[in-house]
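To start, I am sharing the structure in question, which I have written as structure tokens.
Please treat every number below as a calculation from the coordinates, not as lab data. Since we're looking at a predicted model, the values are computed, not measured. Neighbour counts run over all protein chains shown; Cβ positions are idealised from the backbone, glycine included.
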Amino acid sequence: MRLQFLGAAGIVTGSCFLLETANTRIMVECGMYQGRKEIRERNYQSFKVPPRSVDYVLLTHAHIDHSGLIPKLIKNGFKGIIYATAPTVELCEVLLPDSAYIQEMEVERKNRKNRRAGRNPIEPIYTINDAYKSLPYFQAVNYDEIIRLTPDIRMRFVDAGHILGSAMIEICVREGGAEKKLVFSGDIGNKDRPIVKDPSYIDDADYVIMESTYGARLHGQEEKEIELLHGLIWATYNKGGNLVIPAFAVERTQDLLYHLYLLMKEKRMPAMPVYIDSPLATAATEIFWKHHDFFDEEAAGLIQEGEDPHQIPGIRFTKTVEESMALNKADRTIIISASGMCEAGRIRHHLKYNLWRPESTVLFVGYQADGSLGRQILDGQKTVRIFGDEIAVKADIKFIESYSSHADQAGLAEWVNSFRKPPQEIFLVHGEPEASAALADLLRTQHGLQVTVPVLQQVVELPPPETAAVQEDNIKTLHDSIAARLQGLLASGIDNETRGEILRGLTDLEHIINKAGK
Ligand SMILES: [Zn+2]
Ligand SMILES: [Zn+2]
């Protein structure tokens with residue numbers, strides 16, 4: 001079989017891997033590139049194989065960097081099945097149309113510019129309509145259910161503990177009488193998160209395709225994130241400003257809601273109203289509460305006790321644009337809004353109205369991709385551009401890294417070490433180059449593992465074709481058999497000239513073998 005790295009190679013976003021056997025093409029993830037403009041341009045390139053030729057898409061979770069190009073795949077001819085867990089399917093039902101809406105808005109803005117400059121208009125990568133057309137291709141799978149894709153290929157999803165419904169995917173492929181097992185880690189969760197379970201450990205695998213987002217970092221916060229959040233809420237309240245939290249609509253917003261709910265229940269909150277200002281986060285929250293069965297023990301326990309973190313007095317979900325705009329005048333308010341990297345959505349308005357206010361706090365709780373507005377703020381830029389305006393950064397900028405839904409370096413190493421026997425090879429993806437390199441180094445030197453950091457478009461043959469060492473072995477065997485035959489000839493009594501020729505030939509042969517051996 002062949003494995004090709006079509007995305008998330010040397011970068012965090014754009015996850016896409018193609019697994020090919022003699023008769024079957026499987027795409028694992030079909031993600032969108034996010035971050036700086038040159039990177040996002042890649043979303044417009046055509047697929048490396050005709051989408052019609054792909055039999056299955058296996059999707060680990062709903063995040064756009066894993067699912068975002070599915071509507072484009074279908075628009076371009078894909079006719080197969082997309083397997084994902086039930087929460088992933090439902091989250092995609094809101095995330096993909098939302099992603100399409102963002103594309104359409106962005107293209108409309110670009111086209112206004114293009115028209116003024118006399119240039120031809122461009123088309124969005126896909127439209128809202130394309131996104132809706134892709135939904136019937138999804139088919140829900142349960143964790144741990146074994147699904148046979150073909151007589152020679154079977155697969156299984158297990159809980160990745162990253163976001164609701166997230167999975168790692170095991171694929172077993174039988175070829176030439178031998179079976180090989182691949183594991184695609186998807187995004188590996190951080191342990192002890194609210195709501196989701198801890199990531200699953202896997203018994204064995206021949207090849208592992210593994211994320212490395214935090215391959216070079218330890219989250220390293222001793223204090224529990226709920227306590228850090230509590231401290232920042234009071235600090236902002238005392239300064240008289242707003243606490244603005246850019247948060248991914250899926251999982252992070254619900255994690256924060258869960259902690260705010262606990263703080264309110266324990267009567268530890270100041271008089272600060274909380275607003276969730278993101279239609280997407282509101283829709284995602286509704287999907288979450290429908291799937292208690294995917295919660296960890298603690299969160300599921302609360303619900304069994306009749307508690308409902310969904311209905312929290314003091315937490316409001318804005319519905320209209322007017323309600324959202326009213327927050328521009330807010331004081332002593334907690335505003336949770338998307339997108340998590342501040343690339344789009346209502347959060348940009350809240351940053352515009354709060355970044356320049358020293359009494360406000362902007363709290364990051366998730367990964368900020370290279371080049372994103374969130375990264376610029378977090379990296380300490382003095383001013384940033386929002387909607388064409390220059391905005392000074394005077395607010396307190398904070399980051400509670402342990403809210404991350406990604407395992408850190410220690411968590412990643414622990415996950416790999418849980419395999420009962422070391423995999424033959426580990427491919428590190430979904431990381432910026434320094435992060436993947438640091439993790440590769442750690443896994444090679446401290447754990448003695450065979451690690452590759454593939455480059456974009458790299459193709460690997462699995463199992464790898466015979467190595468140089470094996471070829472040397474073959475030369476040696478060949479030499480021995482030729483030598484034996486020649487010795488036989490010598491012993492059978494031939495003339496001196498022929499004898500001399502044969503001896504010279506043998507010396508040459510030995511010379512070649514020795515050279516190959518070096
Ligand atoms: Zn993710
Ligand atoms: Zn991801």
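Based on the mean of other Cβ atoms within 10 Å per residue, sort peptides 36-47, 267-278, 452-463 so the most packed one is first.
267-278, 452-463, 36-47
For the range 159-293, please report how many Lys pairs fall under 21 Å Cα to Cα, leaving out neighbours fewer than 8 apart on the same chain.
So the count works out to 6.
Could you tell me the largest-minus-smallest coordinate of the C-alpha atoms of the range 225-403 on each of the three principal axes, in descending order and whole angstroms?
49, 33, 31
Something else now. Calculated from DSSP H runs of 4 or more alone, at -39500 (n - 2.57) each and per residue, what is the 222 nm mean residue ellipticity of the chain, nearest 500?
-11500 deg cm²/dmol
From the backbone phi of the range 329-334, what are the Karplus-calculated ³J(HN,Hα) couplings (6.51 cos²θ - 1.76 cosθ + 1.60, θ = phi - 60°) in whole Hz, Gly and Pro given as x?
Rounded to whole hertz, the list is 9, 6, 9, 6, 10, 9.
With θ set to phi - 60°, apply the Karplus curve 6.51 cos²θ - 1.76 cosθ + 1.60 along the range 259-265 and write out the HN-Hα couplings as whole Hz, x wherever there is a Gly or Pro.
3J(HN,Hα) across the range 259-265, in whole Hz: 5, 5, 4, 5, 5, 5, 4.
Arranged by the count of other C-beta atoms within 10 angstrom, fewest first, what order do GLU225, GLU211, GLU434 take?
Fewest-to-most ranking of GLU225, GLU211, GLU434: GLU434, GLU225, GLU211.
Next question. In degrees between 0 and 90, to the nearest 10, how far off the longest principal axis of the chain does helix 225-239 point, with axes built from Cα atoms?
The angle comes out at about 40 degrees.
Just for the chain, what percent of DSSP beta bridges are antiparallel, to the closest 5?
45
Please arrange CYS172, CYS30, CYS342 by how many other C-beta atoms lie within 10 Å of their C-beta, fewest to most.
CYS172, CYS342, CYS30
State the Cα centre-to-centre distance between the range 40-71 and the range 107-130 in whole Å.
If you average the Cα positions of each part, the centres end up 22 Å apart.
Another question about this same structure. Calculate how steeply helix 468-491 sits against the longest principal axis of the alpha-carbon atoms of the chain, using the helix alpha-carbon long axis, and give the answer as 0 to 90 degrees to the nearest 10.
Taking the Cα atoms of the chain, the angle to 468-491 is about 0 degrees.
Next question, about the same structure. Expressed as an acute angle from 0 to 90° and rounded to the nearest 10, what is the orientation of the C-alpha long axis of helix 86-116 relative to the principal long axis of the chain?
Helix 86-116 sits roughly 80 degrees off the main axis of the chain.
So, one more: Quick check on the range 225-403: of the DSSP beta bridges with both residues there, what percent are antiparallel, nearest 5%?
About 20 percent, rounded to the nearest 5.
Taking the Cβ of each residue in PHE17, PHE184 as the centre, tally the other Cβ atoms inside 10 Å and list the residues starting with the fewest.
PHE17, PHE184
Can I ask one more? What percent does the relative contact order of the chain come to when contacts are Cα pairs within less than 8 Å and at least six residues apart?
Relative CO of the chain lands at 17 percent.
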